[in-house]
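Report on the structure given below.
The values are calculated or read from the model by the stated rules, or taken from the named source; none is laboratory data. Only a predicted model underlies this, so the values are computations on that prediction, with no experimental measurement involved. FYI the Cβ positions are ideal-geometry reconstructions off the backbone, even for glycines, and counts take in every protein chain you see. Accessible surface is based on the protein model in full, side chains and every heavy atom, while ligands, DNA and RNA are left aside. Shrake-Rupley method; radii C 1.70, N 1.55, O 1.52, S 1.80 Å.
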Amino acid sequence: MIRIYTQTDDGIKRSSGLEEQTDRRGDIFWIDLLTPTAEELRYAEDICAIEMPTKDEQREIEATSRLYCEDGGRFMTTSVLSRVETDDPVITEITFIIKDRVLVTIRHTDSYSFRVFSHQLLRMPGTNRDLVFVGLLETLVDRQADVLERFGTDLDAISKKIFGSGHARRKGEEEDPDTEDLRDALEELGRVGDLITRQRDALVSLLRLITYAGNEDSCMGAHDSLYVPLRPVSRDVNSLSEYASFLSNKINFMLDAVLGLINIEQNDIFKVFTIMSVVFLPPTLIASIFGMNFDHMPFLHTTWGFWLSIVLMLISAGLPLLYFKIKRYI
């Protein structure tokens, strides 16, 4: 899909058909390519007189493959986290190309930020390439901030589940609710931690693009420098990176806490087995002694010998239980 934005006397116009732009090529300031076809790519290449990068080239991770100048155009690719609201969030690449008076954007996933900025743009009386470029970056940064705030809210909810006081033990259930809650919290921490890691990578990529766009003037004259308008955006991205690092540290702390609580739960189980083995050890010893096959055994031929052994076994089991109760081991 291609969206072409032109400046007219009546304001900004957006169109999706290539045939409508034959007579207004000089008024085009933004070409937005969403999963473009070969014909749409050729049209953009004809407008800007440059070769557009392929999808595989957009995915290159080297800095020189993402930020470079070629044929008088500035090529800048960044990664963003998309579809966060779904069960399958992905990292997608967005390429910004600045050539002459035209901005070209190439992306292969529909972006909420682009939809929001597009609606805002159509209400403006006029604009230019640089304002659109800076506005898109600001909208992307705002969106990333909203995503991080959502992650922070999710972590607060997980923290209440881990450290909250609502872990009352309920008897008669197949599984201890504390253990079940901790398992759910561990899974949630893994999910949010993975998303925050992706978000940090995306913010690093975005910061590199902003730094390059503001400082690299080898393709254009000094009057085209974007350093001043991009300086607030750069500060915002730096603050988001610091917040993402804080969330990452918080996740590591919560992971350690969950693993520690799980170890405590396991130690409680082993403690029960240990106490039971100590309690039944003396009765087992007494039963073994009275079970020996000797001719001369104490109380062997008495009528009350059996009951005496039972009483001794009960006393020997009760004394360890009383000791553990006094020591508050149980």
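Things worth noting here:
- Top-ranked residue in segment 136-163 [being open to solvent by 10 Å² or more (accessible area, probe 1.4 Å) and small (Gly, Ala, Ser); ranked as modelled with the highest pLDDT]: Ala145
- Within segment 32-59, residues that are within 17 Å of Ile98 (Cα to Cα) have Cβ atoms under 8 Å from residues that are of a type in the set (Asp, Glu) and in a helix (DSSP H, G or I) in these pairs: Leu33/Glu40; Glu51/Glu45; Met52/Glu45, counting only partners at least 6 apart in sequence or on another chain.
- Taking first residues from segment 267-283 that are free of Cβ contacts under 8 Å to residues at least 40 places away in the same chain and partners that are open to solvent by less than 60 Å² (accessible area, probe 1.4 Å) and of a type in the set (S, T, N, Q), the Cβ contacts under 8 Å between residues at least 6 apart in sequence or on separate chains come to Pro282/Ser316; Pro283/Ser316.
- Residue match in segment 287-300 (condition: free of Cβ contacts under 8 Å to residues at least 24 places away in the same chain, exposed (fewer than 14 other Cβ atoms within 10 Å of the Cβ) and assigned to a helix (DSSP H, G or I)): yes
- Per this entry, Leu131 is counted among residues that are surrounded by fewer than 17 Cβ atoms within 10 Å (Cβ to Cβ), aliphatic (A, V, I, L, M) and at pLDDT 90 or above.
Residue-wise test of (1) at pLDDT 90 or above; (2) under 23 Å from Asn128 (Cβ atoms).
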| site | (1), (2) |
| --- | --- |
| Asp181 | no, no |
| Ile196 | yes, no |
| Arg200 | yes, no |
| Ser205 | yes, no |
| Asp224 | no, yes |
| Phe246 | yes, no |
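- If you go through segment 301-330 and keep only what is open to solvent by less than 60 Å² (accessible area, probe 1.4 Å) and either assigned to a loop (DSSP other than H, G, I, E, B) or in contact with a Ser or Thr (Cβ under 6 Å, 6 or more places away or on another chain) (or both), you end up with just Thr302.
- Pairing each residue of segment 180-197 that is in contact (Cβ under 8 Å) with a residue 40 or more places away in the chain with any residue that is open to solvent by 70 Å² or more (accessible area, probe 1.4 Å), provided the two are 6+ apart or on different chains, yields C-beta distances under 7 Å for Ala185/Lys161.
- Residues that are farther than 30 Å from Leu195 by Cα and not in a strand (DSSP E or B), drawn from segment 68-108: Asp71, Gly72, Asp100, Arg101
- Qualifying residue in segment 77-86 (condition: among the small types (Gly, Ala, Ser) and within 33 Å of the chain's Cα centre (by Cα)): yes
- Look at (1) touching a strand residue (DSSP E or B) at 6+ places or on another chain (Cβ under 8 Å); (2) crowded, with 21+ Cβ neighbours inside 10 Å and you find that Leu122 fails only one, number (2).
- Where Arg74 falls short, out of the listed (1) open to solvent by 50 Å² or more (accessible area, probe 1.4 Å); (2) among the basic types (Lys, Arg); (3) within 30 Å of Val147 (Cα to Cα): (1)
- All told, Leu247 falls short of being out of contact with any Phe, Trp or Tyr (no Cβ under 8 Å at 6 or more places or on another chain) and aliphatic (A, V, I, L, M).
- Any hit, segment 48-61, residues being under 30 Å from Arg191 (Cα atoms), modelled with pLDDT under 85 and either open to solvent by less than 10 Å² (accessible area, probe 1.4 Å) or hydrophobic (A, V, I, L, M, F, W, C) (or both): yes
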